[in-house]
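Student: Below you will find the structure I want to go over with you.
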Amino acid sequence: MKLITPFAALLVLCASTMASPMPNPEPVPEAIPEPVPEPVPEPVPEPGTSTDLPATIAKRDGNWAQCYESLTSIGKDFTIKTWGTWDDDWGRGFLDNLRGQCGNVWNWQFYYEGSMGWATYTLDKYSRQHCVEDAIWLASNPTGAIWGVSCQWY
């Protein structure tokens with residue numbers, strides 16, 4: 001009595017499949033391109049109006065920040081003075097953007113002194129140049145982006 005090995009059975013199956021005729025597929029009709037409609041321009045809002053903000057957020061003027069930077073043995077220490085509605089979350093949005101733009105943030109503190117917000121923290125010595133300014137711009141953007149912040153050495 002001869003036993004068929006699994007390999008031999010696979011060869012027989014493949015050979016019988018290859019020997020069977022392939023059916024001819026139906027011809028596919030050529031695609032007819034449909035015309036693309038012209039884009040309709042969106043209306044431009046009047047200057048001074050803002051239609052891109054949700055109803056719960058109103059565009060506000062007066063956001064401000066001042067940045068101070070010093071080099072230490074472990075990294076760069078920063079002190080940011082803030083004013084306006086962009087820091088009303090105790091700096092959480094700013095901290096999120098710092099992490100996204102600059103990497104690791106150590107010794108984070110945020111507090112209010114009168115109407116001014118103060119953020120102090122340390123970044124790696126090799127963090128990307130101007131990452132703090134970019135984080136300030138991104139954090140303040142929902143309520144009025146702060147342009148032109150530059151960090152001063154102290």
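The values are calculated or read from the model by the stated rules, or taken from the named source; none is laboratory data. Owing to the predicted nature of the structure, the values given are computational and were not obtained by experimental measurement. Cβ sites come from the backbone with ideal geometry, for glycine too, and all protein chains shown count toward neighbours. Please note that ligands, DNA and RNA were not included when accessible areas were found on the heavy atoms of the full protein model with its side chains. Shrake-Rupley method; radii C 1.70, N 1.55, O 1.52, S 1.80 Å.
Student: Treat each spin label as a single point 7 Å out from the Cα along the C-beta direction, and report the residue 106 to residue 90 distance in nm.
Tutor: 2.4 nm
Student: Can I ask one more? If you project the alpha carbons of segment 77-154 onto the principal axes, what extent comes out on each, in Å, largest first?
Tutor: Computed over segment 77-154, the largest-to-smallest principal extents equal 32, 22, 22 Å.
Student: Same structure, new question: Kirkwood-based Rg over Rh for segment 73-121 (C-alpha set), two decimals?
Tutor: Numbers: Rg = 10.9 Å, Rh = 11.3 Å.
Result for segment 73-121 is an Rg/Rh of 0.97.
Student: Let me ask another. Accessible area per residue for segment 65-128 in Å², computed with a 1.4 Å probe and the full protein assembly in place, what is it?
Tutor: Working: 3380 Å² over 64 residues.
It amounts to 53 Å² per residue over segment 65-128.
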